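The values are calculated or read from the model by the stated rules, or taken from the named source; none is laboratory data. Computed from a predicted structure; not experimentally measured. Because the Cβ atoms are built from the backbone with ideal geometry, glycine has one as well, and the counts that use them run over all protein chains shown.
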Amino acid sequence: MTNATADGVAAVHQYLMQIRQRLEKSSKGPWHAVHHYDAALGRYVSSEVLPVAVHAGNGDGGMTNYADDKEYDDAEFIAHSKTDLQKLLMAVEAVLELHQPDEADTRLCAHCMEAIGVEAFQVEWPCPTVATIQEAIEGE
Ligand SMILES: [Zn+2]
C-alpha cells in the first residue's frame, strides 16, 4: 500500500503548475552556456548562461583552473535546466493525464484497468504509478 491520496495528487498537480508558471515566466529558451577560455593561461576562466544574466567564475582572474571548479558545470546545468525541465514536466504531466480516475467509478484508475484488461481485477486510484510520482515529489 502507498500513502497516495486524492489530496496528495492534487498537491502534485499544484506543484507542477507552479513549476510550469515559473518556466513560462522565464526568459525564452533554449538557454546556452558560453565558457570563456583564456589562451594565455591555457584554461577556462568564467562562464555565462545566455540569454539570462547568469555569470559564473571563480573570481581569481584565472589563477586556478576554473573548469575544475563546480561553476563551469553549474553553468552547463543552468543552461540546460529550462529545456530539461520542460521535457521532464511534459513527461510527468503526460503520465498523470494517462492515469486518471475512471469516469464510471472514480475510485479506480481508468488506464491501469484498461491496461490489465481483466474486468474483475480492480486498480484503485491513485494507482501505484500516480503514487510513485506523488511520493517522489513529496520527497519520500
Ligand atoms: Zn494507473
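General observations
- The condition of being touching a helix residue (DSSP H, G or I) at 6+ places or on another chain (Cβ under 6 Å) and either small (Gly, Ala, Ser) or surrounded by 14 or more Cβ atoms within 10 Å (Cβ to Cβ) (or both) holds for Asp102.
- Filter pass, Val95 being under 24 Å from Ala136 (Cβ atoms) and either surrounded by 12 or more Cβ atoms within 10 Å (Cβ to Cβ) or at pLDDT 90 or above (or both): yes
- The stretch 91-140 - residue that is assigned to a helix (DSSP H, G or I) and among the hydroxyl-bearing types (Ser, Thr, Tyr) and, of those, farthest from the ligand (Cβ to nearest atom): Thr132
- Being without any contact (Cβ under 8 Å) to a residue 12 or more places away in the chain and either of a type in the set (Ser, Thr, Tyr) or farther than 30 Å from Leu98 by Cα (or both) holds for only one residue in Met17, Met63, and it is Met63.
- For the stretch 37-59, taking the residues that are within 30 Å of the chain's Cα centre (by Cα) and in a loop (DSSP other than H, G, I, E, B), the one that is modelled with the lowest pLDDT is identified as Asn58.
- In the stretch 112-122, the residues that are surrounded by 19 or more Cβ atoms within 10 Å (Cβ to Cβ) and within 17 Å of Ala4 (Cα to Cα): Cys112
- Given (1) among the hydrophobic types (A, V, I, L, M, F, W, C); (2) farther than 20 Å from Asp84 by Cα; (3) touching a helix residue (DSSP H, G or I) at 6+ places or on another chain (Cβ under 6 Å), index of the condition Trp31 fails: (2)
- Contact map, the stretch 123-137: residues that are closer than 11 Å to Gln100 by Cα and not assigned by TED's automatic domain parsing to the domain that holds Gly8 paired with residues that are within 9 Å of the ligand (Cβ to nearest atom) and among the basic types (Lys, Arg), Cβ distance under 6 Å, separation 6+ or inter-chain. No pairs are found.
- Test: residue in the stretch 90-109 that is out of contact with any Cys (no Cβ under 7 Å at 6 or more places or on another chain), farther than 18 Å from Thr5 by Cα and in the same structural domain as Leu23 (by TED's automatic domain parsing): yes
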